[in-house]
1. Of the numbered conditions (1) within 16 Å of the ligand (Cβ to nearest atom); (2) more than 24 Å from PRO288 (Cβ to Cβ); (3) without any contact (Cβ under 8 Å) to a residue 24 or more places away in the chain, GLU78 satisfies every one except a single condition; which is it?
2. Taking the criterion of being in contact (Cβ under 8 Å) with a residue 24 or more places away in the chain, aliphatic (A, V, I, L, M) and either surrounded by fewer than 20 Cβ atoms within 10 Å (Cβ to Cβ) or under 29 Å from PRO99 (Cβ atoms) (or both), would at least one residue in segment 176-191 satisfy it?
3. Search segment 102-157 for residues being closer than 21 Å to ARG190 by Cβ and touching a Gly at 6+ places or on another chain (Cβ under 7 Å), and hand back the single one that is surrounded by the fewest Cβ atoms within 10 Å (Cβ to Cβ).
4. Looking at (1) more than 21 Å from HIS201 (Cα to Cα); (2) within 14 Å of the chain's Cα centre (by Cα); (3) at pLDDT 95 or above, which is the one condition that is false for ILE37?
5. Is it the case, given these coordinates, that ALA203 is small (Gly, Ala, Ser), in a loop (DSSP other than H, G, I, E, B) and in contact (Cβ under 8 Å) with a residue 12 or more places away in the chain?
6. With (1) within 20 Å of the chain's Cα centre (by Cα); (2) more than 11 Å from the ligand (Cβ to nearest atom) as the list, and GLU149 as the residue in question, which single condition is left unmet?
7. Please specify each residue of segment 266-278 satisfying the condition of being within 29 Å of the chain's Cα centre (by Cα) and surrounded by fewer than 20 Cβ atoms within 10 Å (Cβ to Cβ).
8. Working only within segment 81-101, note down all residues that are among the small types (Gly, Ala, Ser), within 15 Å of the ligand (Cβ to nearest atom) and within 20 Å of CYS202 (Cβ to Cβ).
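The values are calculated or read from the model by the stated rules, or taken from the named source; none is laboratory data. Bear in mind the structure is a predicted one, so any value in this text is a computation, not a measurement. Methodologically, a virtual Cβ is constructed for each residue, glycine included, from the backbone with ideal geometry; neighbour enumeration extends over all protein chains shown.
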Amino acid sequence: MRAYYRSLKPLILWREAARPLNWVQVFGRDAPVELEIGFGSGDYLVARAQQYPERDFVGIELEWEGIQRALRKIAGSELTNVRVLLGDARPILGRAIPPQSLTRIYSLFPCPWPKKHHHKHRLFDQRQLQLLNSKLHDEGEFYLLTDHEAYFHWVLSNLTDTGFTAFARTVPPQVNTKYEQKWLAEGQTRFYELTLRKVQHCAVPLLEDVPMETYRVKTFDPAHFQPTAISEDVHVVFKETRYDPARQIAMTRVVVVEDDLTQHFWIDIVREGDEWRIRPAQGCGVVPTVGVQRALDAVRNACQPQRSLSPAPNNSV
Ligand SMILES: C[S@@+](CC[C@H](N)C(=O)[O-])C[C@H]1O[C@@H](n2cnc3c(N)ncnc32)[C@H](O)[C@@H]1O
């Protein structure tokens, strides 16, 4: 395959971008927008964007490798009507995709997570179907194709109060994606197709950013700095801390897990005058949430166990 320059232009940094996204600004035109969840290598996303140049296409994919492959294909086809987002579709839908802004959502061969104790990872439970509904225009549709009969029935069982009517059938191979080819090669020739048409709107409010409080503290002792992990409704784990004595800058790496959103980022502790300023490091693409605030609080507490604090004059991150 010819090596194409992989322009990053189609990649939307949804954590840094103003949310919810504005499709007219993103694409520079007002056109119907379709969304693919878990596009893998981007074969179908790109094929559909080529087939329908009058529509715009957004793809969400959890793995960076898939994003890279899709970027290569988008560049190779010189498409201007495709954008891709890296991450878990659930928080992206919850925070970044505007309500009632999509004509069609589709997901081809999503992971069926066949083992019972993995079912919690499955996409398209009742809550997520309501979320998908809230993103669709009236009469919009969600299209699902799967190789896995038990998963197909599980999605069907989640339809109550989702505002969809369902059309289900088995179909021959038709989308020519990597996973369709994989199952075909293993001898599977019929797949399970589910089309959910929106008949009633489910209003699911967008999750909004939490205003962040950053801190200034009087003391910071890098030799004894040990922030405490949190394991409650929100999970906060501190991974490592680096300190540069020459510049008097410390950085601590943290993982925050809350609902479907997992964030990995660094928190700065930087000497400024006779104080230390605590805030998320620039460039980490942090979505401001309750969990991020708890992480900042834990760092503050570890700096000054006695809590002789003064609030930062400017609380913005
Ligand atoms: C079995 S593969 C199918 C890929 C492609 N649709 C195809 O037909 O070849 C499932 C894809 O969904 C992605 N995925 C899994 N969970 C996801 C999530 N929560 N959000 C976004 N993508 C996800 C995986 O990274 C993987 O690329």
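1. So GLU78 meets the others, but not (1).
2. Filtering segment 176-191 for residues in contact (Cβ under 8 Å) with a residue 24 or more places away in the chain gives 176-180, 183, 188, 191.
Those still in the list that are aliphatic (A, V, I, L, M) too: none.
No.
3. PRO110
4. Every listed condition holds for ILE37 apart from (1).
5. Details: small (Gly, Ala, Ser): yes; in a loop (DSSP other than H, G, I, E, B): yes; in contact (Cβ under 8 Å) with a residue 12 or more places away in the chain: yes.
Spelling it out, ALA203 is indeed small (Gly, Ala, Ser), in a loop (DSSP other than H, G, I, E, B) and in contact (Cβ under 8 Å) with a residue 12 or more places away in the chain.
6. (1)
7. Let us first name the residues in segment 266-278 that are within 29 Å of the chain's Cα centre (by Cα), namely 266-269, 278.
Correct list: TRP266, ASP268.
8. Filtering segment 81-101 for residues among the small types (Gly, Ala, Ser) gives 87, 89, 94, 96, 101.
Now drop any that are not within 15 Å of the ligand (Cβ to nearest atom), which leaves 87, 89, 94, 96.
If the condition is that a residue be among the small types (Gly, Ala, Ser), within 15 Å of the ligand (Cβ to nearest atom) and within 20 Å of CYS202 (Cβ to Cβ), then ALA89, GLY94, ALA96 are the ones that fit.
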